[in-house]
């Protein structure tokens, strides 16, 4: 079976928030702080409905369990990379050599963001939406394995610390915490490095999980990370 890891970096569509919520950026953040009971923290989580994909990282895993390629989807803007991603998914999951997507929290964040981006830009993805037990079916592992969903027993438990925690316990340095509400101030090239590194972290978590499950012969080698400063 062929596996491909994916991860996204996003920016907030503040204009859409102003149009829908009828408030500006700072007022909306304060509203979220109150709703999320995180008044003592600087950062809040903006709902995925207001996120735009800016970077999409991809990594491929060989049949021997090695990370063979890590890169970012090419494109000049959010629409370009969204279209390129869905075109790639169509090819990657075409019969009879369909591969399996691997994500961390992809079912709750990455995929919904990319689906809404397809809606925004009018991108046709019929196979993704119409396959009854495909990518969107929660309890399968052959189309899309969400490592977070799997490790929490499909929501039976919570996983505090996310991919940062899992990669750390698997021996890979965790990514520095960043404020998601100010990502528009981060240079694109740095976000691409973050995304490629998170694909590498996801690889170690996924392949270690495969080993623990008896589906890999050896623990994964730790890939070298790019500078994230």
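What does DSSP give for the stretch 3-212 in terms of the percent of beta bridges that are antiparallel, rounded to the nearest 5?
70
Length gain on complete extension for the stretch residue 131 to residue 76, per 0.36 nm per residue less the alpha carbon to alpha carbon distance? It would help to have the intermediate numbers written out before the result.
On the way: separation 55, 0.36 × 55 = 19.80 nm, distance 3.01 nm.
Computed gain between residue 131 and residue 76 is 16.8 nm.
Sorted from fewest to most neighbouring beta carbons within 10 Å, what does the list 229, 108, 78, 167 look like? It would help to have the intermediate numbers written out before the result.
Details: 229 5, 108 14, 78 20, 167 26.
With the sparsest Cβ surroundings first, the list reads 229, 108, 78, 167.
So what's the back-of-envelope 222 nm ellipticity for the chain, counting only DSSP H runs of four-plus at -39500 (n - 2.57) apiece and dividing by all residues, rounded to 500?
Dividing the helical sum by the residues of the chain leaves -12000 deg cm²/dmol.
Given a cut-off of under 8 Å on Cα pairs at least six residues apart, what relative contact order in percent is computed for the stretch 129-229?
Numbers: 63 pairs, mean separation 21.3, N = 101.
This gives 21 percent for the stretch 129-229.
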Inset, instruction - List, largest first, the extents of the alpha carbons of the chain along their principal axes, each in whole Å. - result: 52, 39, 36
Inset, instruction - Report the extension gain between residue 154 and residue 88 in nm, rounded to one decimal, defined as 0.36 nm multiplied by the number of residues separating them, less their alpha carbon distance. - result: 21.1 nm
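Can you tell me how the stretch 94-190 classifies by the Cα gyration tensor, rounded, prolate or oblate, using a/c under 1.5 as the rounded cut? List each step's numbers first, then the result.
Details: a/c = 2.06, a/b = 1.25, b/c = 1.65.
Oblate shape, in that a/c is at least 1.5 and b/c is the bigger or equal ratio.
May I ask you to derive the relative contact order of the stretch 3-212, considering only C-alpha pairs under 8 Å and at least 6 residues apart, and to give it as an integer percent? Could you put the intermediate results ahead of the total?
Details: 289 pairs, mean separation 57.9, N = 210.
Worked out over the stretch 3-212, it gives 28 percent.
Rounded to the nearest 0.05, what FRET efficiency is calculated for residue 141 and residue 48 with R0 set to 25 Å and r the Cβ-Cβ distance? Numbers along the way, then the final one.
Numbers: r = 23 Å, r/R0 = 0.91.
That gives a FRET efficiency of 0.65.
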Legend entry - Selected from 151, 163, 67 as most flexible by GNM, with the chain as the system and alpha-carbon contacts under 10 Å: 151
Inset, instruction - Can you tell me the FRET efficiency between residue 124 and residue 21 if r is taken as the Cβ-Cβ distance and R0 is 35 Å, rounded to the nearest 0.05? - result: 0.75
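At a 10 Å Cβ-Cβ cut-off, how would you order 56, 31, 17, fewest neighbours first? Could the numbers behind the result be given before it?
Values: 56 26, 31 13, 17 20.
Ascending number of Cβ neighbours within 10 Å: 31, 17, 56.
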Inset, instruction - In a Gaussian network model over the chain where Cα atoms closer than 10 Å are linked, find which of 186, 55, 172 has the largest mean-square fluctuation. - result: 186
Inset, instruction - Choose one answer from 165, 191, 111: the residue with the largest mean-square fluctuation in a GNM of the chain with alpha-carbon springs under 10 Å. - result: 165
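Any read-out appearing in this document is the output of simple, stated calculations on the displayed coordinates, not a laboratory observation. No experiment lies behind these values; they were computed from the predicted model shown. Backbone-built Cβ (ideal geometry, glycine too); neighbour counts: all protein chains shown.
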